[in-house]
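Accompanying notes for the structure given below.
The values are calculated or read from the model by the stated rules, or taken from the named source; none is laboratory data. Remember, it's a predicted structure, so these values are computed and weren't measured experimentally. Note that each Cβ is placed from the backbone with ideal geometry, even for glycine, and that neighbours are counted across all protein chains shown.
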Amino acid sequence: MSTDIASELTVEPILQYPRLAAVGTSFLLTVDLKPQQFGDTWAYPDLEEIPIRCIINPGKLFRVEFFGEPVTIVHRYGGTYGAARFLLTPEPNSLNKSGKIQITLANRFGVPMTVLETEAIAVQESVSAESLIALALGKRKPIEWLEDPFESIVAVTMTKTFAYEVGKLEVVKSRNFLNREKKFQVNKQIQEGQRFIELLPNDTNLRMIVIPAGSFLMGAPETEAESSNNERPQHEVHLPAFCMGKYPITQAQWRSVASMPKIKQDMKEDPSRFKGSNRPVEKVSWFEAVEFCDRLSVHTGKKYRLPSEVEWEYACRAGTTTPFHYGETITPEIVNYNGDYPYGEAPKGEYRKKTTPVGKFLANAFGLYHMHGNVLEWCEDDWHDNYEGAPTDGRAWIDNDNRSQEENVRKLLRGGSWCSFAWVCRSAFRYLSDARFQDDDFGFRVVCVFQ
């Protein structure tokens, strides 16, 4: 198993773009980066250079084209080369309007690191011919040019490859025909994935795993034991890539974020029943989990939120179609649940009656831990009685996003917990709850949204 090490590269963004633009005429926007550490203090000794992708969102007023490569290279021995350049053209309906352009800095895997935003660019009917030529060629700066609007330094956390153990539970056939008792064994293998580390106050960090884009069949077939109609109809869903927490949010991470400025509501510093910095936080309502995400977003400059129900099941299954990502059943050796109530052909086993520290068991194929058992995990969606009309693109299914805590808001949790029967821990199982409830098996993990 590898050890995760947080390392940072600090850069200062340098943007060039005009204050004025004309309808139907293109202008140039360049993105360059000034590294603040290199040479002997370079944080990545195994790399000569680091490519940083610039993903541009021009808004509704502009149309964008590539003008060269949309990548800026930070070199080990100082400086950058190959500044990203984009050719933008105001749309006809943008006349006499102004708009801002958003640029996301991402690593070579597309994981967002920080988001920049230009000042407003005004669209006029025309600008001087000299300015237009200079803008198109990018050779000199017209009077309307704006350079270096950003004074702040951006801390960029890169992704790294990490290794993890994946487990599969399989039946061992007995060679003794008189002994018909089935035995189970866990087959292990090492896999690799991509992750980045978010640094938090109080010497705490948050490990985020890159979940690749893909599609899967969501829900349970009617042939799956203990399945319910609220897990149907099965339907195909296509998802873009995103990042998800390697573990459920721990008590140490909760305390770290609880110390950040309030957004909408207070957060108890230590709400959990089962104490331990490395145990998952529990006794957390949906509203408190959302507050955690909002504070984390403000602190990091990235967009954090609860996973949609689709994202959660896709990440849990990690390419599997069995009731559990471990296989056809589970045992207490690999999942923390109520071992007195097994699933399928599994025997009874240990019932711990409490949460366990994160990372105790084996990961799934994406490198995520505790997707079955330990604590139930809040999702962003409203509760629906079945999947009729459900989104097929990974979005959360929300009917009304403006309800207060005084209302009976029905939300849902996934994954089962330390006190759940085994069938509740299935990948497809859905658990209904009032968003205000706080129970000693209610926790959550977070998602980081790609721009």
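Table for the structure above
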{"quantity": "Residues within region 349-396 that are surrounded by fewer than 16 Cβ atoms within 10 Å (Cβ to Cβ) and in contact with an Asp or Glu (Cβ under 6 Å, 6 or more places away or on another chain), tallied", "calculated": "1"}
{"quantity": "Test: residue in region 312-319 that is surrounded by fewer than 18 Cβ atoms within 10 Å (Cβ to Cβ) and not aliphatic (A, V, I, L, M)", "calculated": "yes"}
{"quantity": "Condition met for Ala346 (in a loop (DSSP other than H, G, I, E, B), under 24 Å from the mean Cα position of the chain (by Cα) and touching a residue at least 12 places away in the same chain (Cβ under 8 Å))", "calculated": "no"}
{"quantity": "Residue selected from region 73-121 under the condition in a strand (DSSP E or B) and of a type in the set (Ser, Thr, Tyr), by the criterion farthest from Leu33 (Cα to Cα)", "calculated": "Ser98"}
{"quantity": "Residue satisfying condition, being under 21 Å from the mean Cα position of the chain (by Cα), assigned to a loop (DSSP other than H, G, I, E, B) and among the acidic types (Asp, Glu), within set Asp393, Asp385, Asp340, Asp294", "calculated": "Asp393"}
{"quantity": "Top-ranked residue in region 217-241 [being of a type outside the set (Asp, Glu) and in a strand (DSSP E or B); ranked as farthest from the chain's Cα centre (by Cα)]", "calculated": "His235"}
{"quantity": "Criterion: in the same structural domain as Glu377 (by TED's automatic domain parsing), under 20 Å from Ile211 (Cα atoms) and outside any helix (DSSP H, G or I) - qualifying residue of Met267, Met244, Met260", "calculated": "Met244"}
{"quantity": "Flag if Ala220 is surrounded by 14 or more Cβ atoms within 10 Å (Cβ to Cβ), touching a Pro at 6+ places or on another chain (Cβ under 8 Å) and in contact (Cβ under 8 Å) with a residue 12 or more places away in the chain", "calculated": "yes"}
